Amino acid sequence: MAALTESLLRAGGFKTGLFTSPHLVDVRERVRINGRVLDKDTFAGYFWKVHDAVSSAVAEYSVHLHYFHFLTVLGFYIFQEEQVDVAIMEVGLGGRLDSTNVLPRPVVCGITLLDYDHVAILGKCIFFLGCLAY
Amino acid sequence: MAKRGFEEATRALSGYIVAGRAGQGTATLDDVGKVCSILGIDLGRLSAIHIAGTKGKGSTSGTTLFREPHASAPGLFVLLLFPGRWMVCVAAASPRRWHLTITAHGSLD
């Protein structure tokens, strides 16, 4: 759905940012601009900017981001620096605490099929999972 | 200062992995928001489309027709009422389990 939406918007002339997970070969697959991955040097430049910000957050507020949190922030940062018209954000683990939920006002929210997944972390009841997504 | 290229970045990224939590540990949404503000990211200005769900939300459905392989029974339409909110669901039985798809939701006011 995310990839389809991205492709429709790009065909409509928008500059798109696409955030998906997981990656198959290269971590750069997770953050795409106009459907394409960044070159290694550009990606590394953005990576170290965010890494430094995280290091200062650790020192100042004792904040400890984990892998997916870090990548979400990196995605937002890249989308802002690349000045995309629209960002398509796929959730990671899902649920209320998913780090993509820092978005205060998404323009559109889409929910696809809900099923049992990540139950060890999110819980085992499908209605409860539905409420989390809701 | 040590070289800060792409290979070094992927190694540094591994340092964020916490075993057994699918990459999402004890950090909160507040923590994510704090780092965003340190970087000067204005999340309110970003035109974002947010996509959730268990299956079909990501990258694989972009190239292939989405077809649920084992949902067979006719759909059952359920209206769930939360305080001030409504939600329309389609539930379908399959040989293995129930599927629940939220087709629309919104607020009553």
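Scanning the range A:97-111 for residues that are surrounded by fewer than 18 Cβ atoms within 10 Å (Cβ to Cβ) and β-branched (Val, Ile, Thr) yields A:VAL107, A:VAL108.
Taking the options A:THR20, A:THR100, name whichever one is facing another protein chain (nearest Cβ under 7 Å), touching a residue at least 40 places away in the same chain (Cβ under 8 Å), over 15 Å from B:CYS36 (Cα atoms) and of a type in the set (Ser, Thr, Tyr).
Checking each option against the conditions leaves just A:THR20.
Just to be sure I understand, how many residues within the range A:50-69 are more than 18 Å from B:HIS50 (Cα to Cα) and either in contact (Cβ under 8 Å) with a residue 40 or more places away in the chain or at the interface with chain B (Cβ under 7 Å from one of its Cβ atoms) (or both)? So the count comes out to 12. With respect to the conditions (1) at the interface with chain B (Cβ under 10 Å from one of its Cβ atoms); (2) over 19 Å from B:LEU39 (Cβ atoms); (3) more than 14 Å from the chain's Cα centre (by Cα), A:ARG10 falls short on a single one, namely (1).
Take the residues in the range A:15-69 that are of a type in the set (D, E, K, R) and surrounded by 14 or more Cβ atoms within 10 Å (Cβ to Cβ); name whichever of them is nearest to B:ALA2 (Cα to Cα). Out of the qualifying residues, it is A:LYS49.
The rows are residues; the columns are (1) over 17 Å from the mean Cα position of the chain (by Cα); (2) of a type in the set (Gly, Ala, Ser).
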site	(1), (2)
A:THR42	yes, no
A:SER62	yes, yes
A:ILE78	no, no
A:GLN83	no, no
A:VAL91	no, no
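Rule-based calculations on the coordinates, nothing more; no lab input. Values in this document were obtained by computation on a predicted structure and should not be read as measured data. No Cβ is skipped: glycine too gets one built from the backbone with ideal geometry, and neighbour counts run over all protein chains shown.
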